[in-house]
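What follows is a short report on a single structure.
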Number of protein chains: 2
Amino acid sequence: MKFGIAVFPSKKLQDLANSYRKRYDPHYSLIPPHLTLKEPFDATDEEINKIAKKIEGIAKDAEPFTLRAYKISSFQPVNNVIYMKVDSVPELINLYQSLHNEEFGVKSQYSFVPHITIAQKLSNDEHSDVYGSLRMAGVDHEETVDRFHLLYQLENGSWTVYETYRLGGGDS
Amino acid sequence: MKFGIAVFPSKKLQDLANSYRKRYDPHYSLIPPHLTLKEPFDATDEEINKIAKKIEGIAKDAEPFTLRAYKISSFQPVNNVIYMKVDSVPELINLYQSLHNEEFGVKSQYSFVPHITIAQKLSNDEHSDVYGSLRMAGVDHEETVDRFHLLYQLENGSWTVYETYRLGGGDS
């Protein structure tokens, strides 16, 4: 089974992201707008129970962080993904690193650039058009994140939440 | 903001439900296959924090239950919803009742028929065709449910998980 770890930002930021994703992101209907903390990885039912426990420990040792989305950027020329760039605050970097230590054994393909994808799988011409207009629109949003989720993927490509983790292990 | 409470069954049962929902349920892309524990209700950010705490208490006092989907049924003539009928085991009924006591102040429109919707918003003719073939296909599935989720709805009608609750407050 395929698992992943992500933060869902507030409804406000998700609604904004979806206003773009609806037109420019073919994953629009597969998962809500999110900040990926760990790229999809394979695990059996037995393995995921152990992993879920590890993540619980990591979440308790981590801290809530300020998610500041401050500009629209693109991964071009690596790929045509356009995203809201999120401030690399130490709490977020630490959380990412804890979720990528040798215990997990899964190295990320890319270095960590915190982001919320709003457009992908565009042709080069589309990318150039859409990026121009989204960059002009910009983004300026700040909120506190106190939780993240472990998800698994269904056969149709969509994602279901398996577990919710509180940062710092705190109550609501 | 609109909130709801639901159980997501295992990937296996979700994949089966989605094989029907894809064709017959316009909510297919808005939420994964689920068993509704509480119909959508309105709450402010402040209210939901109190409600989330109440649910935490309810979850701790509840018990994991056996989800047995044993036949395909329909709510006709009330509406044209076709669903997998889920066994009304006492643990599930108790959980439902705890989530509908006077503290919540939101009465359900219907009496509780545990189910997983696989088709809706069909015309009468479609309903009759689809119901005939799905009833023949049937369903026979059993699994243990140890968690449920509090969700909120985005402007596009899709649902995002806010919190995960363990039944009995147990670990994985």
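The values are calculated or read from the model by the stated rules, or taken from the named source; none is laboratory data. Keep in mind that what you see is a predicted model, and the values were worked out from it rather than measured. Note: ideal-geometry Cβ built from the backbone for every residue, glycine included; neighbour counts use all protein chains shown.
Here are some notes:
- Among the residues of region A:145-170, those that are within 24 Å of residue B:22 (Cα to Cα) and either more than 8 Å from chain B (Cβ to nearest Cβ) or in a strand (DSSP E or B) (or both) comprise A:151, A:152, A:153, A:157, A:159, A:160, A:161, A:162.
- Residues of region B:1-19 that turn out to be β-branched (Val, Ile, Thr) and under 21 Å from residue B:82 (Cβ atoms), as a count: 1
- Filter pass, residue B:10 being out of contact with any Leu (no Cβ under 8 Å at 6 or more places or on another chain), within 19 Å of residue A:159 (Cβ to Cβ) and in contact (Cβ under 8 Å) with a residue 24 or more places away in the chain: yes
- Considering only residues in region B:14-37 that are charged (D, E, K, R) and surrounded by fewer than 19 Cβ atoms within 10 Å (Cβ to Cβ), the one that is nearest to the other protein chains (Cβ to nearest Cβ) turns out to be B:15.
- If only residues of region B:55-70 that are surrounded by fewer than 14 Cβ atoms within 10 Å (Cβ to Cβ) and touching a residue at least 24 places away in the same chain (Cβ under 8 Å) are counted, the one that is nearest to the other protein chains (Cβ to nearest Cβ) is B:60.
- Index of the failed condition, residue B:95 passing every other in (1) over 18 Å from residue B:48 (Cα atoms); (2) at pLDDT below 95: (2)
Residue-wise test of (1) within 19 Å of residue B:163 (Cα to Cα); (2) among the hydrophobic types (A, V, I, L, M, F, W, C); (3) within 14 Å of the chain's Cα centre (by Cα).
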{"position": "B:4", "(1), (2), (3)": "yes, no, yes"}
{"position": "B:7", "(1), (2), (3)": "yes, yes, yes"}
{"position": "B:47", "(1), (2), (3)": "yes, no, no"}
{"position": "B:86", "(1), (2), (3)": "no, yes, yes"}
{"position": "B:94", "(1), (2), (3)": "no, no, no"}
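- Test: residue in region B:130-144 that is touching a helix residue (DSSP H, G or I) at 6+ places or on another chain (Cβ under 6 Å), at pLDDT 95 or above, surrounded by 16 or more Cβ atoms within 10 Å (Cβ to Cβ) and more than 14 Å from chain A (Cβ to nearest Cβ): yes
- Test: residue in region B:42-54 that is of a type in the set (Ser, Thr, Tyr) and within 14 Å of chain A (Cβ to nearest Cβ): yes
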